[in-house]
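Here the structure is laid out as structure tokens; the discussion comes afterwards.
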Amino acid sequence: MDIKWDQILIIEEPIMFWTFIGLIVSSIGLVAGLTYFKKWGWLWREWLTSTDAKKVGIMYIVLAIVMLVRGGIDALMMKYQTAVPENTFLSSQHFNEVFSAHGTIMIFFMAMPILFGIMNLVVPLQIGARDVAFPKLNLLGFWITTAAAVLYNIAFLVGGSPDAGWTSYFPLAGKEFTPGIGNNYYYVALQISGFGSMIIAINFMVTILKMRAPGMGLFKMPMFTWTTLITCLIMIIAFPIFTIALLAGMLDRVFGSHFFTVADGGLDMMWANLFWLWAHPEVYIVVLPAFGIISEVVATFSKKRLYGYHSMVWAVIVISVFSLLVWVHHFYTMGVGPTVNSVFSITTLAIAVPTGIKLFNWLFTMRKGRIAFEQPMLWALGFIPTFLIGGVTGVMLGMASADFQYHNTLFLVAHFHYTLVGGVVYAVFAAIYYWWPKFFGFKLNHKLGNWHFWLFNVGFNLSFFPLFFLGLDGAARRMYTYSAETGFGPLYMLSFIGTLLIAAGVVFFVINMVYSSLKEKRITDRDVWGTGRTLEWLVPTPVPAYNFAVIPKVEALDEVWHRKETGKALAFDEKEIKDIHMPSHSGLPFYMFVAFFISGFLFVWEFQALAIASLALPFLGMAINSFTSYDEGYYIPAKEVIETERKGGGEQQWKAK
């Protein structure tokens, strides 16, 4: 083990020291608050062990928002460091750790969990299901992801953070060039995170394929459900590649093997190939659900059926195929040769065609529509040009000869953020404003929402658009400082001001959630926006634990809109309601959280014998699940369901026959 025991707790720098103090104080405050208000039992029963997909989804979103704050603080520190020439706010080592953490956290522990959360909330409702196919497995996926997030985030205080970037390229990431345990956190935590992601993918693929309401064929599914299905398929194909690469990287660092090392027959370029074989599909793993969200929002607030629904579905399928055929464009400059570069340049440009189809689908949906400029629609409208800039600059980067100019400059950083922030974060905010009232029974405040949107939108473009010009001027990415003679200072400062506006926008969003929960009018109407098209707008508001009192029979795409147009009742006969079976809560996934965390920590710290032995802990959990008595769940009585439907559905929409 290459461990310096006097450096276990990394709090020498003032930033780290005060962060450590803040964590201690906030942890004591949280424990004291839960104890004083006697909420430990409630927290355990109602949330931490709940197999209700809606509660699991909310926990995913809470985790993602916490990680958004962490990653956002990293971004502020980086932008402040580069705001002026030769700044000494961060050392070069600390800057490396911060930008490595920022990328990793935002991709693995913010973007993916928040989309998993939205899937949990929305997909079962959109297909007319009462839950996901495997409720306990669903909760297990959350806790494994949380174990990975906690393990990765303790690195900056315990042992040292990873510092080889979110791509963690070998040989830089190997023990020869980065001794110590910092980069072990990357390889171990992301392996654990991958298990959680695979669980989600398998669970939701089975849920969508096997649990759709009667009459709902594949081409009657809402677009968000379609994009979730294709996303799950890509995850099942791509994540095993990355998991094996991470395992090999961990073996190199912890056990001294030579998969990617410079010496003894290792092949460092194999890491780049395996990483991007996963990482480019990963872009679509987070972007395709965003496309589905925008499709739902645009159709609802344009009061029209999504234009070219079938072409949109096929475009998503084609994208999923091409996403696996373009990975080499991430390293044109690494010497693979002009022939290989040309092939991957063609596939990269080809993927722009189905992506462009969706933009026209959305524009033609809005054409001649009666557009309502509600908060979700503002984010959808902001998404389209922002993501378009990311897409167009992606085509520029896809041209192999031109990429030699753009590669490793801030032009690439700007493109990446326009694609992932413009493509994911905008869509996520649209989804939160859109579905929030359905699950919480009140809308988020419109004025505060406007402040959030405009500060974030202006700030984002101010922060990242200047990077295109800096990149074309030769400013390299991952540089912690620069000289005044370069002339980069003014645009870097403009970018920092934009980042402050983004942070202000996020503050308004948090204020909005708190203010609205206290002040906004409560809603019980099923169709919260009055223009809902899909099955989630058929159930009571807020959504009850059982989702549907009676599983609906689907006759058309946009079933709720179809019922409105044909005059068919949105409710049902009381006599159809029967006792509803629900899955029991389970504490076993929380045990697995502890088991994966302990095992991961031991591997990170290179206690080889203990680490291998600790693998028995997760297997013990699986054995307990397999050999303990079968849990038959519980039933919600029909009488209770009827009362809930009458109370939570809006009396004007209840028709008891």
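The values are calculated or read from the model by the stated rules, or taken from the named source; none is laboratory data. Note that this is a predicted model, so its numbers are computed, not measured. For neighbour counting, all protein chains shown are included, and Cβ atoms are generated from backbone atoms with ideal geometry for every residue, glycine included. Quick note on the areas: whole protein, heavy atoms, side chains included, nothing else; ligands and nucleic acids left out. Shrake-Rupley method; radii C 1.70, N 1.55, O 1.52, S 1.80 Å.
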Of 641, 604, the only residue that is touching a residue at least 40 places away in the same chain (Cβ under 8 Å) and under 17 Å from residue 147 (Cβ atoms) is 604
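Quick check: is even one residue across segment 304-315 of a type in the set (S, T, N, Q), assigned to a helix (DSSP H, G or I), over 27 Å from residue 403 (Cα atoms) and open to solvent by 10 Å² or more (accessible area, probe 1.4 Å)?
Restricting attention to segment 304-315, the residues satisfying the condition of being of a type in the set (S, T, N, Q) are 311.
Filter once more, so that each one left must be assigned to a helix (DSSP H, G or I): 311.
Filter again for over 27 Å from residue 403 (Cα atoms), leaving 311.
Narrowing the set further to residues that are open to solvent by 10 Å² or more (accessible area, probe 1.4 Å) leaves 311.
Within segment 304-315, one or more residues are of a type in the set (S, T, N, Q), assigned to a helix (DSSP H, G or I), over 27 Å from residue 403 (Cα atoms) and open to solvent by 10 Å² or more (accessible area, probe 1.4 Å).
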It is to be established whether one or more residues within segment 339-355 are part of a helix (DSSP H, G or I), open to solvent by less than 40 Å² (accessible area, probe 1.4 Å) and closer than 21 Å to residue 115 by Cβ. yes
So is residue 586 in contact (Cβ under 8 Å) with a residue 12 or more places away in the chain, buried (at least 17 other Cβ atoms within 10 Å of the Cβ) and assigned to a loop (DSSP other than H, G, I, E, B) or not? yes
Out of the residues in segment 115-153 that are touching a Leu at 6+ places or on another chain (Cβ under 8 Å) and of a type in the set (A, V, I, L, M), which is most open to solvent (accessible area, probe 1.4 Å)? 140
Answer with yes or no whether residue 53 is modelled with pLDDT of 95 or more, over 29 Å from residue 635 (Cβ atoms) and among the hydrophobic types (A, V, I, L, M, F, W, C). no
Can you tell me how many residues within segment 356-367 are open to solvent by 50 Å² or more (accessible area, probe 1.4 Å) and part of a helix (DSSP H, G or I)? 4
Say whether the condition of being surrounded by fewer than 24 Cβ atoms within 10 Å (Cβ to Cβ), under 22 Å from residue 590 (Cβ atoms) and at pLDDT 95 or above is met by at least one residue in segment 154-176. no
Within segment 230-250, can one find any residue that is under 26 Å from the mean Cα position of the chain (by Cα), surrounded by fewer than 17 Cβ atoms within 10 Å (Cβ to Cβ), of a type in the set (Val, Ile, Thr) and more than 30 Å from residue 362 (Cβ to Cβ)? yes
Here is a list of conditions, (1) under 26 Å from the mean Cα position of the chain (by Cα); (2) under 23 Å from residue 215 (Cβ atoms); (3) free of Cβ contacts under 8 Å to residues at least 40 places away in the same chain, and residue 563 meets all of them except one; can you say which number that is? (1)
Being under 29 Å from the mean Cα position of the chain (by Cα), without any contact (Cβ under 8 Å) to a residue 40 or more places away in the chain and open to solvent by less than 20 Å² (accessible area, probe 1.4 Å): is that true of residue 599 here? yes
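Hey, among 238, 173, which residue is among the small types (Gly, Ala, Ser) and under 30 Å from residue 313 (Cβ atoms)? Step through it out loud before you land on a result.
Values: 173 fails: under 30 Å from residue 313 (Cβ atoms).
Just one listed residue meets the conditions, 238.
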Would a scan of segment 35-46 turn up a residue that is at pLDDT 95 or above and surrounded by 14 or more Cβ atoms within 10 Å (Cβ to Cβ)? yes
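Could you pull out the residue among 376, 385 that is free of Cβ contacts under 8 Å to residues at least 40 places away in the same chain, within 29 Å of residue 438 (Cα to Cα) and either assigned to a helix (DSSP H, G or I) or open to solvent by less than 10 Å² (accessible area, probe 1.4 Å) (or both)? Please lay out each step first, then the result.
On the way: 376 fails: free of Cβ contacts under 8 Å to residues at least 40 places away in the same chain.
None of the others qualify; the one that does is 385.
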Residues in segment 204-229 that are without any contact (Cβ under 8 Å) to a residue 60 or more places away in the chain and either open to solvent by less than 10 Å² (accessible area, probe 1.4 Å) or assigned to a helix (DSSP H, G or I) (or both): how many? 4
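Looking for whichever is among the hydrophobic types (A, V, I, L, M, F, W, C), without any contact (Cβ under 8 Å) to a residue 40 or more places away in the chain, under 22 Å from residue 164 (Cβ atoms) and open to solvent by 30 Å² or more (accessible area, probe 1.4 Å) here; the options are 255, 259, 322. Which one fits? Please lay out each step first, then the result.
Numbers: 255 fails: without any contact (Cβ under 8 Å) to a residue 40 or more places away in the chain; 322 fails: under 22 Å from residue 164 (Cβ atoms).
Answer to the selection: 259.
Might you let me know whether segment 75-98 holds any residue that is among the acidic types (Asp, Glu) and open to solvent by less than 50 Å² (accessible area, probe 1.4 Å)? Step through it out loud before you land on a result.
Kept after step one, since they are among the acidic types (Asp, Glu), are these residues of segment 75-98: 86, 97.
Next, only the ones that are open to solvent by less than 50 Å² (accessible area, probe 1.4 Å) stay: 97.
So far as segment 75-98 goes, yes, one or more of its residues are among the acidic types (Asp, Glu) and open to solvent by less than 50 Å² (accessible area, probe 1.4 Å).
Could you count how many residues in segment 405-434 are assigned to a helix (DSSP H, G or I) and within 16 Å of residue 473 (Cβ to Cβ)? Give the steps one after another, and end with the answer.
The first filter runs over segment 405-434 and keeps only residues assigned to a helix (DSSP H, G or I), leaving 405-406, 410-434.
Applying the additional criterion that residues be within 16 Å of residue 473 (Cβ to Cβ) yields 405-406, 410-415.
Residues that pass the stated criteria total 8.
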Which residue is modelled with the lowest pLDDT, if the candidates are limited to segment 609-656 and must be open to solvent by 40 Å² or more (accessible area, probe 1.4 Å) and in contact with a helix residue (DSSP H, G or I) (Cβ under 7 Å, 6 or more places away or on another chain)? 656
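One line per residue, one yes/no per condition, for (1) at pLDDT 95 or above; (2) open to solvent by 20 Å² or more (accessible area, probe 1.4 Å); (3) among the β-branched types (Val, Ile, Thr); (4) under 30 Å from residue 122 (Cβ atoms):
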{"residue": "400", "(1), (2), (3), (4)": "no, no, no, no"}
{"residue": "429", "(1), (2), (3), (4)": "yes, no, no, yes"}
{"residue": "434", "(1), (2), (3), (4)": "yes, no, no, yes"}
{"residue": "443", "(1), (2), (3), (4)": "yes, yes, no, yes"}
{"residue": "451", "(1), (2), (3), (4)": "yes, yes, no, yes"}
{"residue": "470", "(1), (2), (3), (4)": "yes, no, no, no"}
{"residue": "482", "(1), (2), (3), (4)": "yes, yes, no, no"}
Checking residue 482 against (1) part of a helix (DSSP H, G or I); (2) farther than 24 Å from residue 289 by Cβ, only one condition comes out false. Which one? (1)
Output for segment 155-203, where each listed residue is assigned to a loop (DSSP other than H, G, I, E, B), more than 18 Å from residue 248 (Cβ to Cβ) and polar (S, T, N, Q): 161
